[in-house]
1. I'd like to know if the range 132-154 contains one or more residues that are closer than 25 Å to GLY233 by Cβ, without any contact (Cβ under 8 Å) to a residue 60 or more places away in the chain, open to solvent by 40 Å² or more (accessible area, probe 1.4 Å) and over 24 Å from the mean Cα position of the chain (by Cα).
2. Can you list the strands (runs of 3 or more DSSP E) lying wholly within the range 266-383 that have 1 or more residues being within 25 Å of ARG401 (Cβ to Cβ) and of a type outside the set (Lys, Arg)?
3. Modelled with pLDDT of 95 or more and closer than 14 Å to GLY282 by Cβ: does that describe ALA221?
4. Enumerate the pairs (first residue in the range 205-231 and closer than 16 Å to ALA296 by Cα; second residue anywhere and among the hydroxyl-bearing types (Ser, Thr, Tyr) and open to solvent by 40 Å² or more (accessible area, probe 1.4 Å)) with beta-carbon separation below 8 Å, excluding pairs fewer than 6 apart on the same chain, so at least 6 apart or on different chains.
5. Does TYR112 meet the test of being of a type in the set (Ser, Thr, Tyr), within 15 Å of LEU189 (Cα to Cα) and open to solvent by 50 Å² or more (accessible area, probe 1.4 Å)?
6. Within the range 384-414, how many residues turn out to be in a strand (DSSP E or B) and touching a Ser or Thr at 6+ places or on another chain (Cβ under 7 Å)?
7. Please specify each residue of the range 276-309 satisfying the condition of being in contact with a strand residue (DSSP E or B) (Cβ under 6 Å, 6 or more places away or on another chain) and either among the polar types (S, T, N, Q) or within 17 Å of TYR21 (Cβ to Cβ) (or both).
8. Just one of the numbered conditions (1) at negative phi; (2) touching a strand residue (DSSP E or B) at 6+ places or on another chain (Cβ under 8 Å); (3) open to solvent by 20 Å² or more (accessible area, probe 1.4 Å); (4) modelled with pLDDT under 95 is not true of ASP197; which one?
Amino acid sequence: MGKTIAVIDAGGRGAALVASYAKSPQVSRVLAIPGNDYMQENTSKPVKIFPHLKTTSVKEIIEICKKENVYFVDVAQDNAVAAGLVDELEKNGFKTVGPTKSAGELEWSKAYSREFMKKYAIAQPEYAIFHSVLEGEKYLDSQKDQPWFVKASGLAEGKGALPAKNNKEAKEKILELQKFGEAGKTYLLEKWLRSSDGSNAEEFSAFAISDGNSWQLLGFAQDHKRVNNNDEGENTGGMGVSTPPLVITEDIRKQTIDIFEKTFQGLQKEKRKYKGILYLGGILVEGKVYIIEYNARWGDPECEVILPGILNDFFEVSMAVINATIDKIKITTDKKARVAVAGAAKGYPVDYSKVKGKEIVGLDKAKLLPGITIFGAGIKKQDTNYFVNGGRIFYVVGEGRNVLEAREKAYNALKLISIEGENLHFRTDIGWRDVQRVS
């Protein structure tokens, strides 16, 4: 008899997890809470969604898991971790993949994570922590004029890091942080890491999986956060991603492994046992790795390019996390390159309200192209048609032998997709750094 498992997420990351778990012969069906209407498209196994719920609807989620006889729960979303969903599920006897609220503080409190890195000698930008607008303004008055990142300490849907070119702009960004409410009450000013020639340092994402005692590296990716080409415009949850990033040399890989080791050892010393995926947001300054942030879960859209390349039965990988036997399995990958491009509603991330409810055309044709997978996010289905129901609507993932082939497939698929009224927005330069490296 196959098992029912639950994934706590609504977007593309959750869609990739649902598809991965559904491949396992041990899984008969998947619950996605809240889920989205396109998740069923990636598997023939039943996918049950709960769109009326939030990932933080702790009591309701526990009731559903009891009623549906769920075998284990993958808590894949940051707000759910911060709400202590893992803790409550475990109290109710459920097997879980995902960190407890305490272990997940690495993400939901940037102030805590910076102090953690300082304590365990993990390289990071210079920073200062503040609890009022006035404190930050006074601090800036005492500093030389320079570029800053102004960051909300709490969760802000990937949009809480605001760049400022100088001290005056940093003061404006401190005021702007107030739109994040509680998440922006405590905030950080971080010195902008740059190379000695003044050029922007290059960022990357790295992922590991831990059972609380042992851990394994899963892979690297390179996200593209800005809404427009050339990394311009508003910060978003991520407009696209490529893997493997060619900037990762053997030396950078070793530095990253060392940082993961220090992090997991530090968490053990703090008695914050970490079970699940840990994401390091890294930045390279003249060959040295610094940590921009931790995330206590898969990145979105990084999950959509790394997870499909893992050849293991992911149900068994998660069971190894639950049973603390991650050191007993060997995680292998298919070594393919993948490029994911986010299809977003025009106006995202500021105001896309006029696009909600518009029809999406061409998904069915695009998904039939060889080497293409489409993961849904902000999608609603009515009859056999699909409609916009969010800012980032879907992710088109192309796979190939290298970044050029993967990228070409992704953009060829996107040519077939449109949103009523020409309301589809996507970047046309995802993977540009690696394209330059191989061209």
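The values are calculated or read from the model by the stated rules, or taken from the named source; none is laboratory data. All values reported here derive from a predicted model rather than from experimental measurement. Positions of Cβ are backbone-derived with ideal geometry, glycine not excepted, and every protein chain shown enters the neighbour counts. Only protein heavy atoms, including side chains, enter the accessible area calculation; ligands, DNA and RNA are left aside. Shrake-Rupley method; radii C 1.70, N 1.55, O 1.52, S 1.80 Å.
1. Yes, the range 132-154 contains a residue that is closer than 25 Å to GLY233 by Cβ, without any contact (Cβ under 8 Å) to a residue 60 or more places away in the chain, open to solvent by 40 Å² or more (accessible area, probe 1.4 Å) and over 24 Å from the mean Cα position of the chain (by Cα).
2. By residue number, 337-345, 372-376.
3. Values: modelled with pLDDT of 95 or more: yes; closer than 14 Å to GLY282 by Cβ: yes.
Considered against the rule, which asks whether it is modelled with pLDDT of 95 or more and closer than 14 Å to GLY282 by Cβ, ALA221 comes out as yes.
4. Pairs found: ASP211/THR325; GLY219/THR333.
5. no
6. Result for the range 384-414: 1.
7. GLY276, ILE277, ASN295, ARG297, TRP298, GLU304, ILE306, GLY309
8. (2) is the only condition that ASP197 fails.
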